[in-house]
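In what follows, a single structure is set out as structure tokens and then discussed.
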Amino acid sequence: MKTKAFGQVVRELRIKHKDYSSLREFARKVGLSAAYLSRIENEKEPPPSEMVVERIAEALGADKYELFSYAGKIPAEFLETFKKNPKGVASFMRRVQEVGVESDSDWKEIESKLRRMKGKSEK
């Protein structure tokens, strides 16, 4: 469970980044006003759109999915999968919760098994 707020994470990453210790420099890079970015970092604005979250992640060299998680957003690419098979995706996610899949190694194991299953079905 993510405990930090989106703005706090962005601020920490920006300050650590060698090119963006200045809020103005970073705002210019991601195409936002410094005032708006400051409000995001200080939790006076909700997290921005998916497109802006992606620009922020790219500029900071951060994982966009981690930032989506902090922003409380689900990437459109995943929503498309859900729309194609909502019952199947919901069932899969409920099972993941029941089993308690949480660690990176758990997810990597599931990914590996899915790849093997896909390979068998293509033969």
State whether the residues of segment 32-40 include one that is within 18 Å of Ser69 (Cβ to Cβ), surrounded by 12 or more Cβ atoms within 10 Å (Cβ to Cβ) and in the same structural domain as Phe68 (by TED's automatic domain parsing).
-> yes
Pair list, Cβ < 6 Å and 6+ apart or interchain, from segment 59-75 residues that are free of Cβ contacts under 8 Å to residues at least 60 places away in the same chain to residues that are among the acidic types (Asp, Glu) = Lys64/Glu54; Lys73/Glu50
On the given criteria, is Phe68 surrounded by 10 or more Cβ atoms within 10 Å (Cβ to Cβ), under 22 Å from Phe6 (Cβ atoms), modelled with pLDDT of 95 or more and not charged (D, E, K, R)?
-> yes
Got at least one residue in segment 51-69 being closer than 13 Å to Leu13 by Cβ, out of contact with any helix residue (DSSP H, G or I) (no Cβ under 8 Å at 6 or more places or on another chain) and either aliphatic (A, V, I, L, M) or part of a loop (DSSP other than H, G, I, E, B) (or both)?
-> yes
Restricting attention to segment 49-62, does a residue exist that is among the basic types (Lys, Arg), more than 9 Å from the chain's Cα centre (by Cα) and more than 17 Å from Gly31 (Cβ to Cβ)?
-> no
Which one of these does Glu45 not meet: (1) outside any helix (DSSP H, G or I); (2) exposed (fewer than 14 other Cβ atoms within 10 Å of the Cβ); (3) of a type in the set (Asp, Glu)?
-> (2)
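The values are calculated or read from the model by the stated rules, or taken from the named source; none is laboratory data. Remember, predicted model here, so these are calculated numbers, not experimental data. Ideal geometry is used to build each Cβ from the backbone, glycine not excepted, and the neighbour counts take in all protein chains shown.
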